[in-house]
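Encoded as structure tokens, the structure appears first; notes follow it.
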Amino acid sequence: MSVVSAVKLYINKMIENCGKGMKVFLLGKDTLPLLSITYAQSDLLKKEVYLFERIDNASRESMKHMRCIVYLRPTPENVSLLCEELKNPRYGHYHVFFSNVIPKPDILKLANADEHESVKEIQEFYADYMPILDHVYTLNIKKISSVGGPGTWDRSLLKRSADSLISILLALRKYPVMRYATKSDLSRGLVNCTYDIMKENSHLFEFRRTDTPLLLVLDRRDDPVTPLLNQVQSYFLTF
């Protein structure tokens, strides 16, 4: 399965779960571009999705006749915004989907905020990345280094990158062997962070394994010559 197909499959499932009737997508700053790059608006209109809103837009109108599909990254900011939304719901009912693993304390916060019992379901649909081609994705991160130097991860971006890998592995149902260049601190840091998250959420990886794929993490700085000597399309260099 490709990363593009995985995202489309999840979006189709969200819409199906919401049922028939007029629908609105309530999105975050990360999931709005993901939806727009994956699905044409005309195709979504055919599925009775008529409105697309940002959850941080406080001026949204109340439309109780519409069913709301919430699709967000499970960040503290998004959880807080969703809690405020559920305390004063603008739509008839909500189907909530997170693009990655959401901590149990955050689910409890949402449950406590849902005083009107407008939430019909909460699920994790693993699409925490921007698909470009079947086997190419990006996070649109321009710089991953911290003030410590070019070989040091920014902690928040390290977690963001590892979360993205976890999302892809869960979407494709893969439990890989991970390898990296030992001289690259950036590669080592990403592999270690990804492995730690896999251990914390080992129950999510309890699926049937038909093979043992290799996840190879490379540092672009290790090979600066190849892009200069060979004709390479830009998406192969995407992080």
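When you go through (1) over 28 Å from Asp134 (Cα atoms); (2) surrounded by fewer than 19 Cβ atoms within 10 Å (Cβ to Cβ) one by one for Asp43, which number turns out not to apply?
(1)
Pull up segment 150-185, narrow it to residues that are of a type in the set (S, T, N, Q) and either assigned to a strand (DSSP E or B) or buried (at least 16 other Cβ atoms within 10 Å of the Cβ) (or both), then point me to the one that is modelled with the lowest pLDDT. Before you say what the answer is, go through the steps one by one.
Of segment 150-185, the ones of a type in the set (S, T, N, Q) are 152, 156, 161, 164, 167, 182, 184.
From the residues that got through so far, the ones that are either assigned to a strand (DSSP E or B) or buried (at least 16 other Cβ atoms within 10 Å of the Cβ) (or both) too are 152, 161, 164, 167, 184.
Numbers: Thr152: 82, Ser161: 93, Ser164: 93, Ser167: 94, Ser184: 87.
Ranking the qualifying residues of segment 150-185, first place goes to Thr152.
How about segment 73-85: which of its residues are under 19 Å from Ser161 (Cβ atoms) and crowded, with 23+ Cβ neighbours inside 10 Å? Walk me through how you get there before you give the answer.
First, pick out the residues of segment 73-85 that are under 19 Å from Ser161 (Cβ atoms): 73-78.
Of everything in segment 73-85, just one residue is under 19 Å from Ser161 (Cβ atoms) and crowded, with 23+ Cβ neighbours inside 10 Å, namely Asn78.
Pairs under 6 Å by beta carbon, first residue under 16 Å from Ala40 (Cβ atoms) in segment 6-17, partner open to solvent by 50 Å² or more (accessible area, probe 1.4 Å), six or more apart or different chains?
Listed pairs, sorted by first residue: Ile15/Lys47.
Checking the conditions here, which among Pro131, Pro74 is closer than 19 Å to Arg54 by Cα and not in a helix (DSSP H, G or I)? Steps first, please.
On the way: Pro131 fails: closer than 19 Å to Arg54 by Cα.
Answer to the check: Pro74.
State all residues of segment 86-110 that are over 27 Å from Lys159 (Cα atoms) and open to solvent by less than 10 Å² (accessible area, probe 1.4 Å); if no residue qualifies, say none. Let's see the steps before the verdict.
Our first condition is that a residue be over 27 Å from Lys159 (Cα atoms); within segment 86-110, this holds for 86-94.
Matches in segment 86-110: Leu86, Tyr91, Tyr94.
Among residues belonging to segment 99-127 that are touching a Pro at 6+ places or on another chain (Cβ under 9 Å) and in contact (Cβ under 8 Å) with a residue 60 or more places away in the chain, point out the one that is farthest from Leu9 (Cα to Cα).
Here the residue is Val101.
Output yes when any residue across segment 193-212 is within 17 Å of Ile141 (Cβ to Cβ), part of a helix (DSSP H, G or I), touching a residue at least 24 places away in the same chain (Cβ under 8 Å) and not charged (D, E, K, R), and no when none is. Explain how you work it out, then say what you get.
Taking segment 193-212 as the starting set, the residues that turn out to be within 17 Å of Ile141 (Cβ to Cβ) are 193-194.
Now restrict to residues that are part of a helix (DSSP H, G or I): 193-194.
Those left that are additionally touching a residue at least 24 places away in the same chain (Cβ under 8 Å): 193-194.
Narrowing further to those that are not charged (D, E, K, R): 193-194.
Yes, segment 193-212 has at least one match.
Which of (1) open to solvent by less than 80 Å² (accessible area, probe 1.4 Å); (2) among the acidic types (Asp, Glu); (3) assigned to a loop (DSSP other than H, G, I, E, B) is the odd one out, the single condition Glu53 does not satisfy?
Among (1) open to solvent by less than 80 Å² (accessible area, probe 1.4 Å); (2) among the acidic types (Asp, Glu); (3) assigned to a loop (DSSP other than H, G, I, E, B), the lone unmet condition for Glu53 is (3).
Could you please give the count of residues in segment 48-90 that are out of contact with any Phe, Trp or Tyr (no Cβ under 9 Å at 6 or more places or on another chain) and within 18 Å of Glu16 (Cβ to Cβ)?
Total meeting the criteria: 2.
The values are calculated or read from the model by the stated rules, or taken from the named source; none is laboratory data. Since this is a predicted model, take the numbers as computed values, not measurements. All Cβ positions, even for glycine, are placed from backbone atoms using ideal geometry, and neighbour counts span all protein chains on display. Ligands, DNA and RNA are stripped out before the accessible areas are found, and what is left, the full protein with its side chains, is counted by its heavy atoms. Shrake-Rupley method; radii C 1.70, N 1.55, O 1.52, S 1.80 Å.
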